[in-house]
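Q: Just dropping this structure here.
The values are calculated or read from the model by the stated rules, or taken from the named source; none is laboratory data. Quantities reported herein were computed from a predicted structural model and do not represent experimental measurements. Note: ideal-geometry Cβ built from the backbone for every residue, glycine included; neighbour counts use all protein chains shown.
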Amino acid sequence: MKLAQAFGLGMLLVSFSLVLAGGLGVPKREDVPKYLKQLKTSKSAADRATAAQMLGKRGGINANDVEVAIEPLLKTLQKDIDARVRAAAARALGDIHPKADKVVPLLIERLTKDSSMDVKMASVVALGQFGPEARDALKPLRDLAKKYDTKKAKKSKDGQTIMTTIKLISGAKKKKKA
């Protein structure tokens, strides 16, 4: 039962990430170089964000297909001037799920230091996709959750996403209603 609940929460976050990424269309392996070039060189923020989304979608199917995109996505998450592009890079890294020791610290940094709430929430979702590998994110996630410490805020989508991510990472059990 516990495994089923954890799996369900994981699928919720993956589904949430896919919805944010713009649907279920998955690019082909041969499209990866095109999207990688677009991510690195396009002057259009919308095009860079789309490229990151497509790389994430392809990596969600087969991470080996987008192995060459990990470093550019990390750089994009850290340095792109546009918040939409940084958020797309965070979601893509969560979908691809590369080595946690490289990605989780950067996601935590974006969670705590980025000025955009969209980037923070994309980082929250991505951290949830890493599950227990993202244990170092629990304190910053709990700090962010404190902003949602009212009944009204806890009902918000962002508040629920943060709490779900904390549960996924910590393995916390749902409280039973008596």
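Q: Looking at the stretch 65-76 only, could you name the residues that are farther than 15 Å from residue 41 by Cα and surrounded by 21 or more Cβ atoms within 10 Å (Cβ to Cβ)?
A: 66
Q: Quick one: which residue in 127, 73 is assigned to a helix (DSSP H, G or I) and either more than 15 Å from the chain's Cα centre (by Cα) or farther than 25 Å from residue 37 by Cβ (or both)?
A: Testing whether each residue is assigned to a helix (DSSP H, G or I) and either more than 15 Å from the chain's Cα centre (by Cα) or farther than 25 Å from residue 37 by Cβ (or both) leaves just 127.
Q: When you scan the stretch 123-139, how many residues do you find that are more than 12 Å from residue 105 (Cβ to Cβ), buried (at least 22 other Cβ atoms within 10 Å of the Cβ) and in contact with a Gly (Cβ under 8 Å, 6 or more places away or on another chain)?
A: Qualifying residue count for the region: 4.
Q: Shifting gears a bit: Any residue at all in the stretch 53-64 that's in contact with a Leu (Cβ under 6 Å, 6 or more places away or on another chain) and crowded, with 24+ Cβ neighbours inside 10 Å?
A: First pass over the stretch 53-64, keeping only residues in contact with a Leu (Cβ under 6 Å, 6 or more places away or on another chain): none.
No, that holds for no residue.
Q: Can you pull out every residue in the stretch 41-60 that is in contact (Cβ under 8 Å) with a residue 40 or more places away in the chain and among the hydrophobic types (A, V, I, L, M, F, W, C)? Break it down stepwise before answering.
A: Filtering the stretch 41-60 down to residues in contact (Cβ under 8 Å) with a residue 40 or more places away in the chain leaves 45, 48, 52, 55-56, 60.
The answer is 45, 52, 55.
Q: Only residues that are without any contact (Cβ under 8 Å) to a residue 40 or more places away in the chain and crowded, with 24+ Cβ neighbours inside 10 Å: list them for the stretch 90-101, please.
A: 90, 93 - these are the residues of the stretch 90-101 that are without any contact (Cβ under 8 Å) to a residue 40 or more places away in the chain and crowded, with 24+ Cβ neighbours inside 10 Å.
Q: Out of the stretch 152-178, which residues are under 20 Å from residue 117 (Cα atoms) and either among the β-branched types (Val, Ile, Thr) or at pLDDT 65 or above (or both)?
A: Listed by number, the residues that qualify are 155, 156, 157, 158, 159, 160, 161, 162, 163, 164, 165, 166.
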